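Input: a single structure, listed below in C-alpha cells.
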Amino acid sequence: MSDSGARNNPGRNAGGEIRNLRLKWLVFAILCALPLFGSMSMWLRGVSLIPLAAYGIVSVAAFLLYWSDKRKARADRWRTPENVLHALEFAGGWPGALLAQQVFRHKTRKVSFQLVFWLIVLLHQVFWIDQLFLGANLLALV
C-alpha cells in the first residue's frame, strides 16, 4: 500500500499494517475478559456451555459476514442489512465483529452503526458484571 493508500485508510500505516495494534489488542482482551471469565465459569459450574459456545461460534459467523459484506461493498452488490450484523453482535458475535471491523476496515466510520455496536458491547459487559459481581440482581430489576 502506498502512502496515499495509508492516507485514504486512516486505520493503517504506509506498510498496510493496523495502527496501534498493541493498544487495540489490549482493549480487545479487556473487553473479552468478563464474557470469557463469566461463560467459562458457567460451563465449569455445570450451568451451561451455551454462552461459551455462542461467543465462539457466533463471533466466527460475524467475522465471516463482515468479510462478505465488505466484499459486496467493493463489488457494489447487494449488502447485508445492518440489523443482521447487529443481531449477530447481540447474540454474542461482537468480539468477531470487532476484529472484522479492524481487519477489514469495515463499518468503522458510520457513527450510527458504531453507536449501536458499542451499546451492544456495553450491554454484554453490564450483563457479565451483574452475573459475576452483583448476583444477577441488577437485571432482575428490569
Among ASN137, ASN83, which is modelled with pLDDT of 95 or more and farther than 23 Å from ILE18 by Cα?
ASN83
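Rundown of residues vs (1) without any contact (Cβ under 8 Å) to a residue 60 or more places away in the chain; (2) closer than 26 Å to LEU134 by Cα; (3) surrounded by 19 or more Cβ atoms within 10 Å (Cβ to Cβ), yes/no style:
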position	(1), (2), (3)
LEU31	no, yes, no
GLY46	yes, yes, no
TRP67	yes, no, no
LYS70	yes, no, yes
LYS107	yes, no, no
LYS110	yes, no, no
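The values are calculated or read from the model by the stated rules, or taken from the named source; none is laboratory data. Keep in mind it's a predicted model, so treat the numbers as computed, not measured. Don't worry about glycine lacking a Cβ; one is built from the backbone with ideal geometry, like all the others, and counts go over all protein chains shown.
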